[in-house]
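What follows is one structure encoded as structure tokens, with my remarks underneath.
The values are calculated or read from the model by the stated rules, or taken from the named source; none is laboratory data. Treat the numbers as computed from the prediction; the structure is a model and nothing was measured. Counting neighbours? That spans all protein chains shown, and the Cβs are built from the backbone with ideal geometry, glycine included.
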Amino acid sequence: MLPFIRKISKTVLRILGVFLLISVTTPVWAAGPPEPSIFSNPLALTFIILMILLLIIIGILGYILIGAADLKLKKEKRSTPVAASAMVLFVLLLSSSSLFAQGGTAAEPAAQTAASNIGGMAPSTFYVMAAVVFLELLIIITLLLNIRFLLKKEKERIAEPVTEAEIAKAAEEKRNHLSWWDKFNSLRPVSQEADLDLGHDYDGIRELNNRLPPWWLYGFYLTIIFAGVYLWRFHISHTGPSSKEEYETAVAKAELKEKEYLKMKGENIDENTVVFLSAKADLDAGKAIFEKGACISCHGTDASGIVFGQPGVGPNLTDDYWLNGGSIKNIFTTIKYGVAGKGMQSWSSTYSAKEIAQIASYIKSLHGTKPVKVKDPQGELYKDEETKPATDSLKIMNDSIKAKDNKVAMN
Amino acid sequence: MQVEKFYYDNKIVKAFGIATVVFGIVGMLAGLWAAIQIYYPESSLNLAATTFGRLRPLHTNAIIFAFVGNSIFMGIYYSLQRLCKARMFSDKLSWIHFWGWQAIIAAAAITLLMGVTTGKEYAELEWPIDIAITLIWVVFGINMFGTILKRREKHLYVAIWFYIATWVTVAMLHIVNSMEIPVSFLKSYSWYAGVQDALVQWWYGHNAVAFFLTTPVLGLMYYFLPKAANRPVYSYRLSIIHFWALIFIYIWAGPHHLLYTALPDWAQSLGVVFSVMLIAPSWGGMLNGLFTLRGAWDKVREDPVLKFMVVAVTCYGMSTFEGPMLSLKNVNAISHFSDWTIAHVHIGGLGWNGFLAFAILYYMVPRMWGTPLYSKKLATNHFWLGTIGIVLYAVPMYWAGFEQSIMWKSFTPEGQLKFQFLETVTNIKPLYIVRSIGGALYLTGAFFMVVNLVKTIAKGRFVANEEAEAAPLVKEASHKKEYWHRILERKPVTMLVLSLILVAIGGLIEMIPTFLVKSNIPTIASVKPYTPLELQGRDIYVREGCYTCHSQMIRPFRDEVKRYGEYSKAGEFVYDHPFQWGSKRTGPDLAREGGRQTDSWHYNHMYDPRTMSPGSIMPRYVWLLDNALDTSSTPAKIRAMQTLGVPYPDGYDKIANADLMKQADSIAANLKKDKIETPSNAEIVALIAYLQRIGRDIKAEPKQAIAENK
């Protein structure tokens, strides 16, 4: 068994080789997709880290397996097929790292369309990454099974009779041996255990008086120092931000970024500048949000105010009557800010200004569609002078934002 | 010296052992059921008693106090006698303790399912049960100390230090946190309000983990692990340092459950730094466990008892490392309110507490029945099923927590929230399903154990009174110089007092300023007491356990302010007895729910959440539509609130119900406008009144004043 153990400990050194291998393969992959977004996705990042970790484990297990196989073959045939098993390992490693590469490249086109996604990743990326992880797990299981099989053989052989003296010598060696782990923990050899025995006996339980593991003790000191520095920084020198300051910084930073983004895209729309968007793409986008989002649960799929055959919470949006004004600006305002206490919530945190303009335009475009069943008119008659000629107008109402509670049955 | 002959009482150990197994299975079943409800809400059967909000407290209480509680008593009654070389102080007290504790569990199960709760996590039991717990705890204390005092062993072994610290600290925590003013036989209000209530509650809640799930179990480890491995304990010196450091530091860490909340920043920072300092003392226990196995690892491969112990101690090490990491504010910002916390506690619960309890059972039963275990193979299978169960439980929950939290915080480049809350929930449903599979595997393993133990018992003969002998303790006037701690180990009462002083310090330093210094909770003039109807509605909110899924605490983060509204201020909660900040967001935060939806929306949503938000996993609360509100309790509730300092005018209790009906009528009329007919005295009306009130007061405050607060 002993040479085998030594062999394993040698493999620890060889792990360096695995690191090298990974550091060779990963940059190749990292350089592949120029789209940096994948790295900003934490789930993807977790996946990548997981993949690398598993790869390292595969590397270690692979070396152990080679060691075990090496030992076995040496004993059995006295020949040297180490190279062969090393080849197997290399193939394993390379195949998994090439899978890696596929994962990266597949992500690129998918990430840009990203209409539906899983945890902020394109589905294909997600599945490829999950598949890689799964595959790596499979490889690990296979390696473990193989190692177990080889070790079992090894154990049986070792169990075969050796001379008593040899056994005693091996045992003695083991009792005196200190591995790096033992040294790391300041452990004494098992053979010196008697010196540490305090002579306590509680229902047969004895106690040793081992030294505190140094890393533990100094770790403890370190956390105490951390505590002092932390309190000093946040409450005495005030060089660290309070919760409130942290919040204010985050908001200010984000606002600046948003403004820049919108300026760049030329989409700085608000209720004063919004206009009816007649382009088909805009109306379709508005329709999609209307039907996919929460609008239909109050206004009905056809905006008739009828939900599941019953009058819904919201009014009919296809007729001439409006509770909060029927101009594009009014509708935009109603969606953006909501109407407090009337069931219409503010959607400004859910949809962008552009999207709200699209929804409002879509709603405008529905005017006069005359669904089969509609909810009774609510609010005031509104006639739009700019877009469509009124069909049944009596008089033109102003479009100020007034909620007339006394007239309203719903909301 | 004359050797005395005496007998260990195994019968009481057997009784606690049976209770451990029975309540373990009950508690796990409740947990599994609750886990299934999260992705299949119909499995609540639409019954009040079996809905998540009531089932979840039942699960936590059953696991903590019934399963782990009984397992602790089982282990203590077994080990204490042997470590003191004495029979328990009084058999009568043992049995009062046993039956008293089981009666408390039964009362807890019934009242929790009835919706009788104080609304404070892991302290949900109402005041009569709280008093019963105190009495039984004292009985246990007398019995334990009686045994220690009549011991035949000169020094106290480390396991007993842990038992002593556990006893005194749990007593302190339970009494302080259960301060409540009774309104009726089964209803009380917490003595503390808002921020203070939160601080006391999490001081208790965190240390329920520390002194009920950790220190006594460490004590058990110190007895059963060296016994099972037949190896000497690794380091006596480490025992001393990690014991005293652990109990002193643990008590401070409670505020890490309240990071970024309205709790003053200085208290939060104390929570952070003491949590970080906890790593080493906690790991001291793990090291002493694992290094004790040095030279016995070949046995671990063979012996299921040691297998369970190794995984238990490893899980202990993992969760006590993870805990301090989760206490760092930047990590907590991601983990808190998500399933990450759930994963974290289950590593501790399933791994550490569960596996150690199983190990002890597998160790003791063959010894008390004088026969080898029926099947080692079955026990090993139990071990593997349990281990796989833990992995299948924890990994999906870590994933779900991380993913959901990141989704909550995602913005579009335009500065809009990228995901609606519901999307973040439906997205992790598959992970909830995998989690319940993990839980089911773990439970299956427990059934394996039942079979194994029953077969073992059938094979053997129970030794009710185990013979033992030891020399009596004589007072010797030895002037030999002893190590200082050895002297302490001869003085159990000194040890008790010293422990109490050490654990009292942290709590006092955190609580006294929060209660006395005004600037910690700045007053907001527009925050007014609840109306009688809202108060009744709030009690329904508490009764249905809404806090198990909904928080009422908006943290000062960009995404939370965007999603829910202005972040929560300390002054907003001054009339909240008890506070309802919650610890998990399975549903969205409700701190600014008032005025967000219409009355009819809430009505329909309570009747069937999926009509208002398709895909929602919230259970239905149909009974709220039918139940009539019990207004006879209103005057007593108003009076109790007045006693607690809520400024209702004198004599308001007499006219409160008139106000209540007026408000109820207006809500009913409002619902009628939306074609919903409901009697004004339905419970749903009161609940709507409360929901429409939450978080609104501050909106009446001028903007300047809000900015100045906090």
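Residue by residue, here is whether (1) at negative phi; (2) surrounded by fewer than 21 Cβ atoms within 10 Å (Cβ to Cβ); (3) touching a Ser or Thr at 6+ places or on another chain (Cβ under 9 Å) holds:
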{"position": "B:LEU422", "(1), (2), (3)": "yes, yes, yes"}
{"position": "B:THR426", "(1), (2), (3)": "yes, yes, yes"}
{"position": "B:TYR432", "(1), (2), (3)": "yes, no, no"}
{"position": "B:ALA440", "(1), (2), (3)": "yes, yes, no"}
{"position": "B:LEU443", "(1), (2), (3)": "yes, yes, no"}
{"position": "B:PHE447", "(1), (2), (3)": "yes, yes, no"}
{"position": "B:LYS455", "(1), (2), (3)": "yes, yes, yes"}
Q: From A:ASN330, A:ASN406, A:ASN398, grab the single residue that is more than 19 Å from A:ASP302 (Cβ to Cβ), modelled with pLDDT of 85 or more and either within 13 Å of chain B (Cβ to nearest Cβ) or over 37 Å from the mean Cα position of the chain (by Cα) (or both).
A: A:ASN330
Q: Being at the interface with another protein chain (Cβ under 7 Å from one of its Cβ atoms), part of a helix (DSSP H, G or I) and either of a type in the set (Asp, Glu) or surrounded by 13 or more Cβ atoms within 10 Å (Cβ to Cβ) (or both) narrows it down to one of A:ALA227, A:ALA170, so name that one.
A: A:ALA227
Q. Any idea which of (1) touching a residue at least 12 places away in the same chain (Cβ under 8 Å); (2) basic (Lys, Arg); (3) within 10 Å of another protein chain (Cβ to nearest Cβ) is the one A:ARG206 doesn't satisfy?
A. (1)
Q. Mind checking whether some residue in region A:252-263 is touching a Leu at 6+ places or on another chain (Cβ under 8 Å) and farther than 30 Å from B:GLU469 by Cα?
A. no
Q. Of all residues in region A:233-277 being part of a loop (DSSP other than H, G, I, E, B), small (Gly, Ala, Ser) and farther than 25 Å from A:SER365 by Cβ, which is farthest from the other protein chains (Cβ to nearest Cβ)?
A. A:SER237
**Q.** Criterion violated by B:ASP665 - all others in (1) away from chain A (no Cβ under 14 Å); (2) in contact with a Ser or Thr (Cβ under 6 Å, 6 or more places away or on another chain); (3) surrounded by 21 or more Cβ atoms within 10 Å (Cβ to Cβ); (4) not basic (Lys, Arg) satisfied
**A.** (3)
Q. Quick check, is B:TYR122 in a loop (DSSP other than H, G, I, E, B), aromatic (Phe, Trp, Tyr), touching a residue at least 60 places away in the same chain (Cβ under 8 Å) and over 16 Å from B:PHE65 (Cα atoms)?
A. no
**Q.** Top-ranked residue of region B:600-617 - restricted to ones that are more than 9 Å from chain A (Cβ to nearest Cβ) and part of a helix (DSSP H, G or I), ranked as nearest to B:TYR690 (Cα to Cα)
**A.** B:HIS602
Q | Lone unmet requirement of (1) touching a residue at least 40 places away in the same chain (Cβ under 8 Å); (2) loosely packed, with under 13 Cβ neighbours inside 10 Å; (3) assigned to a helix (DSSP H, G or I) for A:LEU283 | A | (2)
Q: Only residues that are within 19 Å of B:LEU278 (Cα to Cα), in contact (Cβ under 8 Å) with a residue 40 or more places away in the chain and part of a helix (DSSP H, G or I): list them for region B:322-334, please.
A: B:GLY323, B:PRO324, B:LEU326, B:LYS329, B:ASN332
Q | Sole exception among (1) away from chain B (no Cβ under 11 Å); (2) part of a helix (DSSP H, G or I) for A:ALA194, by number | A | (1)
Q.
Can you tell me which residue is farthest from B:TRP244 (Cα to Cα) among those in region B:465-507 that are among the small types (Gly, Ala, Ser) and surrounded by 13 or more Cβ atoms within 10 Å (Cβ to Cβ)?
A. B:ALA468
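Residues are listed down the side, and each one gets a yes or a no for (1) buried (at least 20 other Cβ atoms within 10 Å of the Cβ); (2) of a type in the set (Gly, Ala, Ser); (3) at pLDDT 95 or above:
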| position | (1), (2), (3) |
| --- | --- |
| B:MET1 | no, no, no |
| B:GLU4 | no, no, no |
| B:TYR8 | yes, no, yes |
| B:LYS11 | no, no, yes |
| B:ILE18 | no, no, yes |
| B:ILE25 | no, no, yes |
| B:LEU32 | no, no, yes |
| B:ALA35 | yes, yes, yes |
| B:LEU45 | no, no, no |
Q | Check on A:PHE134, in contact with a strand residue (DSSP E or B) (Cβ under 7 Å, 6 or more places away or on another chain) and either modelled with pLDDT of 75 or more or of a type in the set (D, E, K, R) (or both) | A | no
(Q) Kindly evaluate A:PHE234 against the criterion of being in contact with a Ser or Thr (Cβ under 6 Å, 6 or more places away or on another chain) and not assigned by TED's automatic domain parsing to the domain that holds A:VAL374. (A) yes
Q.
Any residue at all in region B:185-196 that's closer than 21 Å to B:CYS315 by Cα, away from every other protein chain (no Cβ under 14 Å) and not β-branched (Val, Ile, Thr)?
A. no
Q.
Just to be sure I understand the filter: pairs with C-beta atoms under 7 Å, separated by 6 or more residues or on different chains, first member in region A:251-265 and within 17 Å of B:VAL561 (Cβ to Cβ), second member part of a helix (DSSP H, G or I). Which pairs pass?
A. A:VAL251/B:ARG558; A:ALA254/B:ARG558
Q. Only one of (1) farther than 30 Å from B:LYS14 by Cα; (2) touching a residue at least 60 places away in the same chain (Cβ under 8 Å); (3) in the same structural domain as B:LEU361 (by TED's automatic domain parsing) is not met by B:ASN520, so which one is it?
A. (3)
**Q.** Condition check for B:ILE406: in contact with a Phe, Trp or Tyr (Cβ under 8 Å, 6 or more places away or on another chain), touching a residue at least 12 places away in the same chain (Cβ under 8 Å) and either farther than 22 Å from B:GLN37 by Cβ or more than 13 Å from chain A (Cβ to nearest Cβ) (or both)
**A.** no
Q: Just give me the residues in region B:370-422 being touching a Lys or Arg at 6+ places or on another chain (Cβ under 8 Å), over 30 Å from B:ALA333 (Cβ atoms) and of a type in the set (A, V, I, L, M, F, W, C), in sequence order.
A: B:PHE383
Q. Somewhere in region B:146-162, is a residue part of a helix (DSSP H, G or I), among the β-branched types (Val, Ile, Thr) and surrounded by fewer than 23 Cβ atoms within 10 Å (Cβ to Cβ)?
A. yes
Q) Could we say that B:TYR234 is surrounded by 24 or more Cβ atoms within 10 Å (Cβ to Cβ) and more than 7 Å from chain A (Cβ to nearest Cβ) here? A) no
Q: Name the one entry in B:GLY587, B:GLY545 that is away from chain A (no Cβ under 14 Å), touching a residue at least 40 places away in the same chain (Cβ under 8 Å) and at positive phi.
A: B:GLY545
Q. Out of all the residues in region B:366-373, is one or more among the aromatic types (Phe, Trp, Tyr), under 18 Å from B:ILE433 (Cα atoms) and touching a residue at least 60 places away in the same chain (Cβ under 8 Å)?
A. no
**Q.** Residue tally, condition away from every other protein chain (no Cβ under 14 Å), surrounded by 18 or more Cβ atoms within 10 Å (Cβ to Cβ) and small (Gly, Ala, Ser), over region A:337-380
**A.** 4
